[in-house]
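Starting off with a structure, shown below.
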Amino acid sequence: MITSLNVNNFLGQKEWNELIGNIEEKERIWEKNREYLFSYIKSHINRDDDLVILHEVPYVYETRYNYRGQLKYKRSNVRCQIYLQLLEFCKSKKLSILYPETVEVSYFRTIAICYDKKYSNINLGVVFEEYKNRILVLKNNVTEIKQAVVGVHAPSTGNIDNYWKSLKELHSHLELQGYRNKIFIGDFNVYLPGTCQKKLFFGLLSEGLVDMWIEKGNSHKDATFEKGTRIDYALVSDGIYNEFEIYKDDDIRKDRYSDHSAVIISNS
């Protein structure tokens, strides 16, 4: 089972930018929701090849600075209390945390949680430039067939073309490395037809991937985001999609522990 969830910096449905610099309030929300979130993570890791991918996980504090008379914030090098507690929880449950092996550029990152040594990082072989914190590429060490799992958190603004170009190059790189079984799962920030993001999304699909939610007969109008849109996806190699089932967990969103639903695929 592979579970993907954008945790919105562990702020429930609060806008992260509204709380920038307000460390006390962010940690208060975390304290309120922490045990639920810990339980949620652990309940989705039972078998050797179970994997939980979390997007927008905060891991360093922000620090303020003055720019031409305006108060601004940038990332510090100090790990935040939320991340330290997450690390300690995983250690206590004998779980491992995997994260992008790149130079960090943001306050948050995409991470994965699993049993020790059941997954490992794959060298990207591709440059994601300023979005290194939003991509995680893992090898499943349990299955006999070479399987790659890519945790995707696509940007919605900025140089999105480069990110999608790098995703296509990554797909080709994995093909050359012999990974015929590929899973791209996460927050793709894609919904509206005719947009640049949607065209880039279709370009990735054309490489030989299948949108599992649609392929299994579900509606594109089934929301995964609190604004009523489906922006979280699971894409798998076209030759293996019948080996998996796909689900989404709306409860975590409807109960306001995140602004996203979880997307879950299982081969059992």
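The values are calculated or read from the model by the stated rules, or taken from the named source; none is laboratory data. All of these numbers come straight from a predicted model, not from anything done at the bench. All Cβ positions, even for glycine, are placed from backbone atoms using ideal geometry, and neighbour counts span all protein chains on display. Side chains included, ligands, DNA and RNA excluded: accessible areas come from the protein's heavy atoms. Shrake-Rupley method; radii C 1.70, N 1.55, O 1.52, S 1.80 Å.
Let's see if you can work this out: charge +1 on each Lys and Arg Cβ, -1 on each Asp and Glu Cβ, no other charges. What is the dipole magnitude of the chain about its Cα centre, in debye to the nearest 20?
On the way: 37 positive and 37 negative charges, 113 e Å.
In total the dipole reaches around 540 debye.
Would you list which aspartates and glutamates come within 12 Å of LYS91, measuring only between C-alpha atoms, while excluding same-chain residues fewer than 8 positions from it?
Straight-distance partners of LYS91: ASP116.
For the chain, what is the relative contact order in percent, using Cα pairs closer than 8 Å and at least 6 residues apart in sequence?
19
If a/c stays under 1.5 just call it rounded; otherwise compare a/b with b/c (prolate if a/b is bigger, oblate if not). Do that for the stretch 1-153, with a ≥ b ≥ c from the square roots of the Cα gyration tensor eigenvalues.
oblate
Something else now. Ignoring any ligand, DNA or RNA, what whole percent of the accessible area of the chain comes from carbon and sulfur when the probe is 1.4 angstrom? Spell out each step's value before the answer.
Values: 5840 of 12530 Å².
Summing carbon and sulfur atoms, their accessible area is 47 percent of the total for the chain.
Less than 11 Å Cβ to Cβ from TYR40, Lys/Arg counted +1 and Asp/Glu -1: what total charge do the surrounding residues give?
Local charge sum for TYR40: -2.
Of all GluC sites (Glu not before Pro) in the stretch 1-67, which ones are in loop regions per DSSP and have a Cβ with at most 15 other Cβ atoms within 10 Å?
Working: sites: GLU15, GLU18, GLU24, GLU25, GLU27, GLU31, GLU35, GLU56, GLU62; in loops: GLU15.
Passing sites in the stretch 1-67 are GLU15.
Oh, and also: For a Förster distance of 25 Å, can you work out the FRET efficiency between the beta-carbons of SER76 and ASN123, rounded to the nearest 0.05?
0.35
Right, another one. Would you list which lysines come within 23 Å of LYS227, measuring only between C-alpha atoms, while excluding same-chain residues fewer than 8 positions from it?
Within the straight-line cut-off, LYS227 pairs with LYS14, LYS26, LYS198, LYS199, LYS248, LYS254.
Restricting to DSSP H runs of at least four residues, report the calculated mean residue ellipticity at 222 nm for the chain, -39500 (n - 2.57) per run over all residues, nearest 500 deg cm²/dmol.
Values: 6 runs with 68 residues, N = 268.
Mean residue ellipticity at 222 nm (helix-derived): -7500 deg cm²/dmol.
Further question on the same structure: At 1.4 Å probe radius, can you tell me the per residue accessible area of the chain in Å²?
Roughly 47 Å² per residue, with all protein chains present.
How large is ³J(HN,Hα) for each residue in the stretch 221-238, as worked out from phi by the Karplus curve 6.51 cos²θ - 1.76 cosθ + 1.60 (θ = phi - 60°), to whole Hz, x for Gly and Pro?
In residue order, the calculated couplings are 7, 6, 5, 10, 10, 5, 8, x, 10, 9, 10, 10, 9, 10, 10, 10, 4, 4 Hz.
Rounded, prolate or oblate for the stretch 151-240? Axes are the square roots of the Cα gyration tensor eigenvalues, ordered a ≥ b ≥ c, and the cut-off for rounded is a/c under 1.5.
Oblate.
Going by accessible area, probe 1.4 Å, with all protein chains left in place, what is the ranking of LYS74, LYS216, LYS182, largest first?
Values: LYS74 105, LYS216 65, LYS182 0 Å².
These residues rank, largest area first, as LYS74, LYS216, LYS182.
Let me ask something else. Can you list the lysines whose alpha carbon is less than 16 Å from that of LYS94, not counting same-chain residues fewer than 8 positions off?
Candidates past the 8-residue exclusion: LYS42, LYS117, LYS118.
Of the labelled options [x] 6, 22, 24, 19, 14, 9, 4, 2, 0, 0; [y] 6, 23, 28, 23, 15, 5, 0, 0; [z] 6, 31, 38, 21, 4, 0, which one gives P(r) over Cα pairs in 10 Å bins from 0, in percent as computed for this structure?
Computed from the coordinates, P(r) over Cα pairs in 10 Å bins from 0, in percent corresponds to [z].
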